[in-house]
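The block underneath contains the structure these notes are about, expressed in structure tokens.
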Amino acid sequence: MKKTFLFLTIFIMLFFTACSPKVAEVKPNIVFLSYPDEPKIVYLDTYKGGVTAEDDKGLGGVIDVFLGEESGGAGVSNIIKPYGVGLLNGKVYAVDTGSDAVFIMDEKTREVEFLGNKARGRLVGPVALAFDSNNTVYVSDAKQKVIQGYDKDGKLKYVLGGRLVFTYPTGIAINKKLNRLYVVDTKQHHFKAFDLKTKEHLFTVGKRGKGDAEFNFPTNVAVDQRNGNVVIVDTQNFRVQIFDKDGNFIRRFGKIGDKPGMFARPKGVGIDTEGHIYVSDAAFNNVQIFNDQGQLLLYFGSAGYTPATFRLIAGVYIDENDKIVIADGFSGRVQTFQYLSQKWKQEHPKEYEKFKEFQPEM
């Protein structure tokens, strides 16, 4: 009798929760730096996934979840643990390591699609993603030890690697001018370069160690599209290393510590159109921004669950318009920001003036 009463109580609560009207989300104004300093970074939005039209079963769907009959994989409506992220054609991409699928979320409509959840091209252990000049989406799969490429319709069109090529492929990045793919193999302590057209292996850089061009469990990679430089997060050496497009060592920066410019658990990396290097740190739950010489310029973020704060921060991606996407792993969400680059300010003068005048409430 008690169990029946408990079920009915929860049923009623879920019913009214599911049927209650949605309240419009108010987006806060969060600016780094804020008045009187020149604004640099602005918070834009937060994405957690959502229920697609075909997955929205109304009250029936709520009861399925309550009874534990929720479908697995991409049937999960909300992101569980995002890692790799990206932006393409007005859509936010998030590799969800919790559901082994890629969430694709429309910035305007909030509609959600999925990638890697079909029999052909199914993902088993996705980590990171990248886009080529033809908008093919590449996803690293650490468990299957491959890189898989998908066309605009989500169909598998490209597979690279296997057990003889990779041990644990994680971070990936693409030089769009050269059509060259860079893949970090975390357990092999190196990164490899491939020609995307021919699938030819071009070169491998690194071995385990602490010297130049040596690594200790590297994780993520980004390409500076201005000059082709390759930036690798050398996670367990608590530093970042920079190479030219052909894998020649240029410089390194960072060391273990808890002061600005130091690292504890460096993870994601992204590069804006002006060559600034953004490095997320899962211990600090912030993003530090360096110039291409490794000098610290700014940092933003802190631990928390409100906008512009993070819990287990992970992947970072910056598109050609200097929009920033950051994976907030433990919170199950993805946040977007805007870097107010010179290019962006020229193209959005009215928005820039608004951000310049913004003063936070004390």
### Summary
When region 157-175 is checked residue by residue, the ones that are in contact (Cβ under 8 Å) with a residue 12 or more places away in the chain, more than 13 Å from Tyr138 (Cα to Cα) and either of a type in the set (Lys, Arg) or surrounded by fewer than 20 Cβ atoms within 10 Å (Cβ to Cβ) (or both) are Gly162, Arg163, Val165, Thr167, Tyr168
### Task
For residues that are charged (D, E, K, R), within 18 Å of the chain's Cα centre (by Cα) and surrounded by fewer than 16 Cβ atoms within 10 Å (Cβ to Cβ), tally how many sit in region 114-156.
0
### Query
Looking at region 97-104, is at least one residue surrounded by 15 or more Cβ atoms within 10 Å (Cβ to Cβ), under 15 Å from Asp319 (Cβ atoms) and not β-branched (Val, Ile, Thr)?
no
### Task
Could you please tell me which pairs satisfy a Cβ distance under 7 Å, a separation of 6+ or placement on different chains, a first residue in region 187-209 that is on the phi > 0 side of the Ramachandran plot and in a loop (DSSP other than H, G, I, E, B), and a second residue that is exposed (fewer than 14 other Cβ atoms within 10 Å of the Cβ) and not aromatic (Phe, Trp, Tyr)?
His189/Lys207
### Task
Could you list all residues from region 107-154 that are in a loop (DSSP other than H, G, I, E, B), closer than 16 Å to Tyr83 by Cα and not basic (Lys, Arg)?
Gly116, Leu123, Val124, Gly125, Ala142
## Note on the structure
Expected output for region 28-39 (first residue over 9 Å from Lys356 (Cα atoms) and open to solvent by 80 Å² or more (accessible area, probe 1.4 Å), partner part of a loop (DSSP other than H, G, I, E, B) and at pLDDT 80 or above, Cβ below 7 Å, 6+ apart or cross-chain) is none
#### Entry: Qualifying positions in region 40-53 - modelled with pLDDT of 85 or more, touching a Ser or Thr at 6+ places or on another chain (Cβ under 6 Å) and open to solvent by 50 Å² or more (accessible area, probe 1.4 Å)
Leu44
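One line per residue, one yes/no per condition, for (1) surrounded by fewer than 15 Cβ atoms within 10 Å (Cβ to Cβ); (2) over 20 Å from Gly329 (Cα atoms):
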| residue | (1), (2) |
| --- | --- |
| Phe243 | no, yes |
| Asp246 | yes, yes |
| Pro260 | yes, yes |
| Arg265 | no, no |
| Gly268 | no, no |
| Ile277 | no, yes |
### Task
Considering every residue within region 199-212, establish whether at least one is under 25 Å from Asp96 (Cβ atoms) and modelled with pLDDT of 95 or more.
no
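The values are calculated or read from the model by the stated rules, or taken from the named source; none is laboratory data. In this text the structure is predicted, and so the values were computed from the model without any measurement. Note that each Cβ is placed from the backbone with ideal geometry, even for glycine, and that neighbours are counted across all protein chains shown. These area figures cover heavy atoms from the full protein model, side chains too; ligands, DNA and RNA do not enter into them. Shrake-Rupley method; radii C 1.70, N 1.55, O 1.52, S 1.80 Å.
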